[in-house]
Protein chains: 2
Amino acid sequence: MRFTSEQRHDDGVLEREFTLGEIPGSEIPGTLWTPGSGPAPLILMAHNNGLPRRESRLVARARYTVARGYAVATIDAPGCGDRPRSDADEQARADLRRAMQAGEPVDEIFESFIGPLVEKAVPEWRATLDALLSLPGIDGPVGYSGWTAVGIRLAAVEPRIAAAGLFAGGYVPLAQREEARQVTVPLLFLLQWDDEGNPRQRALDLFDAFGSREKTLHANLGGHVGTPWFETEDGGRFYDRHLKK
Amino acid sequence: MRFTSEQRHDDGVLEREFTLGEIPGSEIPGTLWTPGSGPAPLILMAHNNGLPRRESRLVARARYTVARGYAVATIDAPGCGDRPRSDADEQARADLRRAMQAGEPVDEIFESFIGPLVEKAVPEWRATLDALLSLPGIDGPVGYSGWTAVGIRLAAVEPRIAAAGLFAGGYVPLAQREEARQVTVPLLFLLQWDDEGNPRQRALDLFDAFGSREKTLHANLGGHVGTPWFETEDGGRFYDRHLKK
């Protein structure tokens, strides 16, 4: 892990850009925010495919979480944000756009696109986690926040994840819908009730499937990007309950 | 409204028993908790049919809410708690028990029992609200907490109700399922995912039906009485957002 830039904010938060890996063209770019004083438990904030890690709502959520006393890290997924897109990525995105505009079913395209993306993203998150936990001032237990499909796989295979806040608004591959039963950490599952692209019943079925003994669903009226800000605060309290000693 | 007893707790909370109405046998008994210093916005805490207002979980919730800076009032519904039961009440309860033990459908019995109960309870809550708001140190806006069926009718007909936290774990008569569309105040709807006696889909349909532009569903794993305590705190923050000036 190599830090490439560093910025100290007025509130004491240290924001550092980093890259992980040495192979040109396949480095993983990320951002790490740490509070003014440590050590702080770590939250991995994974964003859905397509959004760059510098997207303003993500940054606002990260900064809020750091102000609560956490270290927060995010990386761009393969083909997202600052990372090069393969011809296959471009083709899949073009297929998706065309199918959506034509009102055609998109599940198969999503499956062929998001399925492999999750397979690639999870080992990257685990490598990032290794690197982050070796830094001074960053501590376990570790929380996860955001992208549901990656969160399911990561929580199922990575024993260092102690709690997960998942956003239901994204395609979850069939493999992860099966793996949901293997997730046993405390969960906060966030659903937008009228999310345009994401069938409500599928999200409710997924909530039902999780193996966790403590799981809470929060659903709010509105579309995909309409999550009210108070849910960020509720998320903060969820992590406080499970990550603060 | 006549106060019949008064107790000052160590934390400064004043707990007063009251009765409303003068006709022997039909007085409404209630409890009012007020914080040490006022004025405080009022929350009407209605409990589901069957539970007395002195039930320990209700009292704990009331005391917590008062500690957040609210006045909280509750009354016993007709035939509940300290109030006399009619022969028809006794018969309905016996029918319910028998049907449940036999594993028979109970919707019709509930409908014939809870439907009229809601019709009787709502005017009593409105009279109680009138009396409470005439007391010094008790202020609007007014919140409602608890029994869904009464909350729907009350929020639909009573413009002084500004926000409602509803517990999904009780039979909601057909009339109130229709009236849900007329409810427009901010809502927090609390569902136990595995509530034995209450069909999950019916609760989700009800959440969908509410006319409110701001409505949030919180669902937690577990049965009817398993609501985690942090939901009481979440409820407190919900009221803070809508009732505190």
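The values are calculated or read from the model by the stated rules, or taken from the named source; none is laboratory data. As the structure is a prediction and not an experimental result, all values here were calculated from the model. As a convention, Cβ positions derive from the backbone with ideal geometry for all residues, glycine included, and neighbour counts pool all protein chains shown. Please note that ligands, DNA and RNA were not included when accessible areas were found on the heavy atoms of the full protein model with its side chains. Shrake-Rupley method; radii C 1.70, N 1.55, O 1.52, S 1.80 Å.
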Just name the residue that is least open to solvent (accessible area, probe 1.4 Å) out of those in the stretch A:169-216 that are modelled with pLDDT under 95 and either in a helix (DSSP H, G or I) or within 14 Å of another protein chain (Cβ to nearest Cβ) (or both). A:ASP195
For the condition in contact with a Pro (Cβ under 6 Å, 6 or more places away or on another chain) and either hydrophobic (A, V, I, L, M, F, W, C) or at positive phi (or both), what is the one hit in A:GLY137, A:GLY146? A:GLY137
Filter the stretch B:217-232 down to residues that are touching a residue at least 60 places away in the same chain (Cβ under 8 Å) and either of a type in the set (D, E, K, R) or open to solvent by less than 40 Å² (accessible area, probe 1.4 Å) (or both), then give me how many there are. 1
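Can you name the residue in the stretch B:51-65 that is out of contact with any Gly (no Cβ under 9 Å at 6 or more places or on another chain) and not polar (S, T, N, Q) and, of all such residues, is farthest from B:PHE167 (Cα to Cα)?
First, the residues of the stretch B:51-65 that are out of contact with any Gly (no Cβ under 9 Å at 6 or more places or on another chain): B:56-57, B:59-60, B:62-63.
Going one step further and asking which of them are not polar (S, T, N, Q), we end up with B:57, B:59-60, B:62-63.
Values: B:ARG57: 14, B:VAL59: 16, B:ALA60: 16, B:ALA62: 15, B:ARG63: 18 Å.
Checking each candidate, the answer is B:ARG63.
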Log entry, pairs with first residue in the stretch B:184-195 being closer than 8 Å to B:ALA163 by Cα, second being of a type in the set (Lys, Arg) and open to solvent by less than 20 Å² (accessible area, probe 1.4 Å), beta carbons closer than 8 Å, six or more apart or on different chains, reads B:PRO186/B:LYS215; B:LEU187/B:LYS215
Output yes when any residue across the stretch A:129-144 is among the hydroxyl-bearing types (Ser, Thr, Tyr) and either more than 14 Å from chain B (Cβ to nearest Cβ) or in a strand (DSSP E or B) (or both), and no when none is. yes
Residues that are within 11 Å of another protein chain (Cβ to nearest Cβ), assigned to a loop (DSSP other than H, G, I, E, B) and in contact with a strand residue (DSSP E or B) (Cβ under 8 Å, 6 or more places away or on another chain), drawn from the stretch A:227-245: A:THR227, A:PRO228
